1. Restricting attention to region 19-54, report how many residues are of a type outside the set (Val, Ile, Thr), assigned to a loop (DSSP other than H, G, I, E, B) and at pLDDT 85 or above.
2. Quick check on my filter: what residues within region 52-70 are within 13 Å of Ala100 (Cα to Cα) and in contact (Cβ under 8 Å) with a residue 24 or more places away in the chain?
3. Working carefully through the options Ala91, Ala73, find the one that is at pLDDT below 80 and within 23 Å of Gln28 (Cβ to Cβ).
4. Looking only at region 108-127, which residues are in a helix (DSSP H, G or I) and under 25 Å from Asp70 (Cβ atoms)?
5. What pairs can you find where one residue is in region 26-43 and touching a residue at least 60 places away in the same chain (Cβ under 8 Å), the other is of a type in the set (Phe, Trp, Tyr), and their Cβ atoms are less than 7 Å apart, with a gap of 6+ or different chains?
6. If Gly57 passes every condition in (1) in contact with a helix residue (DSSP H, G or I) (Cβ under 9 Å, 6 or more places away or on another chain); (2) modelled with pLDDT of 95 or more but one, which one does it miss?
7. From the list Leu82, Leu118, pick out the single residue that is under 22 Å from Ala21 (Cβ atoms), modelled with pLDDT of 80 or more, of a type outside the set (D, E, K, R) and crowded, with 18+ Cβ neighbours inside 10 Å.
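The values are calculated or read from the model by the stated rules, or taken from the named source; none is laboratory data. In this text the structure is predicted, and so the values were computed from the model without any measurement. All Cβ positions, glycine included, derive from the backbone under ideal geometry; neighbour counts span all protein chains shown.
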Amino acid sequence: MGVPDAKYLKAFGLLHGLDDAAYERLEQAAEVREFSIGEFIVREGDEPAELFFIIEGTVEVIVPRVGFVDLGAGNIFGEASLMEAGAFLPAGWRLKRRNASCVARTKVTAACIDVDRLAEIVKSHPAVQERLSKLAEARSRS
């Protein structure tokens, strides 16, 4: 599978309503990667490096002392450790580490956006930051 186009990214509910320029920037920044069954995509305690958009497959998110949840196609993960008090922080300013491990429960295809590229996008498209902040806040309450 190639890089998802802007039309595909519009299928992610979190991104609904962004302007075309924001979709285009996200599309340009995305790298599609595949993960094998049982492969760790991120590990708790790792320095956050990417935001993930699940295109296909199931990812198990394991939060220590809390439990786990399965996420499927159309879900985004990796945002919590990229946000601090509702703001996206570039790599040099970020103190948080990954608060969960994420494992491919099936073969997973995901569009991944590097945090440095994401930092550039949120500077010019604040609506992207607003949506990621809302997602991180909602997940922290559940």
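1. Here is the first cut: in region 19-54, the ones of a type outside the set (Val, Ile, Thr) are 19-31, 33-36, 38-40, 43-53.
Then drop every residue that is not assigned to a loop (DSSP other than H, G, I, E, B), which leaves 19, 30, 36, 38-39, 43-49.
Narrowing further to those that are at pLDDT 85 or above: 19, 30, 36, 38-39, 43-46.
The total comes to 9.
2. Residues of region 52-70 within 13 Å of Ala100 (Cα to Cα): 59-70.
Matches in region 52-70: Val59, Glu60, Val61, Ile62, Val63, Pro64, Asp70.
3. Numbers: Ala73 fails: at pLDDT below 80.
Of Ala91, Ala73, the one residue that is at pLDDT below 80 and within 23 Å of Gln28 (Cβ to Cβ) is Ala91.
4. Restricting attention to region 108-127, the residues satisfying the condition of being in a helix (DSSP H, G or I) are 115-124, 126-127.
If the condition is that a residue be in a helix (DSSP H, G or I) and under 25 Å from Asp70 (Cβ atoms), then Val115, Leu118 are the ones that fit.
5. Ile41/Phe35; Ile41/Phe52
6. All conditions pass for Gly57, except number (1).
7. Details: Leu82 fails: modelled with pLDDT of 80 or more.
On inspection, the qualifying residue turns out to be Leu118.
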